[in-house]
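The values are calculated or read from the model by the stated rules, or taken from the named source; none is laboratory data. Please read these numbers as outputs of a predicted model, since none were measured by experiment. Because the Cβ atoms are built from the backbone with ideal geometry, glycine has one as well, and the counts that use them run over all protein chains shown. Accessible surface is based on the protein model in full, side chains and every heavy atom, while ligands, DNA and RNA are left aside. Shrake-Rupley method; radii C 1.70, N 1.55, O 1.52, S 1.80 Å.
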Amino acid sequence: MILIIELVLLIVALWAAMAAIVQYRRGVSFHQAALHAPLKLLLRISDRGVDTARKADTPVIYVVWHQSSLDPAAMLALLPDDTLHILDEFSAKSPFLEPWRALARTIAFNAHHVFVSRRLVRRLRGNGRLAVYMPNDVNPDTKTFRLFRAVARIALKAEARVVPVYMERRGFVPARHVRTLEPMTIEELIARSPRENMRASEALFERMIEVRGAPAAAADD
């Protein structure tokens, strides 16, 4: 019995120590670090790339490629805790994500309302932060591409910067590497494009494709 207690105390101590390291390195709260630490260890997440997202001036929209439940869990633990996360219906109700949803404010995604959400624009104009999650599809159909139009429109109206986020998987036993790119406004993305008549949604989509091939940040683990 004593041995079991000692083992439990050791595990708790190691968990707390790793959480403290994550808190120090990423600048997150201890609550965020405590929930991220086991994911980081078990899934070998290199999260240094998130520093670019955390340092982005507000207003800002973090646009995340949504591959699995790991993406919202990691972002809820790593992005600033005043970020409003707009989750799909499954993620908004998933029992697995319940502990991570407590780390920041979340709302369920509604494809019909996001197009006309003045509330999201007002939140951004008040130096707010949003995290939106895009289906992991590099060849989206018309319905899916409407999400890019919606996010680009919100970013334009709020004059918000956009930070693309992609969690790359590497290796036979996959390690995860958080990829990000420097924050840019939609106007800046359009201006840098060599294409004429570049639309806001197309500029955003191309930026999201770009992050999938960006160099991963050096591991710091």
Which pairs have Cβ atoms under 8 Å, sit 6 or more apart or on different chains, and link a residue in the range 127-139 that is open to solvent by 30 Å² or more (accessible area, probe 1.4 Å) to one that is in a strand (DSSP E or B)?
Arg129/Val60; Arg129/Ile61; Arg129/Tyr62; Arg129/Leu84; Pro135/His66; Asn136/Trp65; Asn136/His66
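Condition check ((1) surrounded by 17 or more Cβ atoms within 10 Å (Cβ to Cβ); (2) in contact (Cβ under 8 Å) with a residue 60 or more places away in the chain) across all residues:
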| position | (1), (2) |
| --- | --- |
| Ile5 | no, no |
| Gln32 | yes, yes |
| Leu43 | no, yes |
| Asp47 | yes, yes |
| Ile61 | yes, yes |
| Pro80 | yes, no |
| His85 | yes, no |
| Phe90 | no, no |
Cross-chain or 6+ apart pairs with Cβ under 7 Å, the range 142-157 first and over 14 Å from Met184 (Cα atoms), then among the charged types (D, E, K, R)
Thr144/Asp137
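Select from the range 65-78 the residues that are farther than 16 Å from Arg105 by Cβ and of a type outside the set (D, E, K, R) and write down the one among them that is surrounded by the fewest Cβ atoms within 10 Å (Cβ to Cβ). Steps first, please.
Looking only at the range 65-78, we keep the residues that are farther than 16 Å from Arg105 by Cβ, and these are 65-71, 74.
Pick out the ones that are also of a type outside the set (D, E, K, R) and you get 65-70, 74.
Working: Trp65: 21, His66: 22, Gln67: 15, Ser68: 11, Ser69: 14, Leu70: 17, Ala74: 24.
Ranking the qualifying residues of the range 65-78, first place goes to Ser68.
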Inspect the range 191-199 for any residue being open to solvent by 30 Å² or more (accessible area, probe 1.4 Å) and part of a helix (DSSP H, G or I) and give the result as yes or no.
yes
Tell me which residues, restricted to the range 90-106, are in contact with a Leu (Cβ under 7 Å, 6 or more places away or on another chain) and among the aliphatic types (A, V, I, L, M).
Leu103, Ala104
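Please determine, by comparing only the residues of the range 197-221 that are touching a Phe, Trp or Tyr at 6+ places or on another chain (Cβ under 6 Å) and not polar (S, T, N, Q), which one is modelled with the lowest pLDDT. Outline the logic, then answer.
Of all residues in the range 197-221, those touching a Phe, Trp or Tyr at 6+ places or on another chain (Cβ under 6 Å) come to 201, 204-205, 211-212.
Among the residues that remain, those that are also not polar (S, T, N, Q) are: 204-205, 211-212.
Values: Leu204: 95, Phe205: 95, Val211: 95, Arg212: 92.
Of everything passing the filter in the range 197-221, Arg212 is modelled with the lowest pLDDT.
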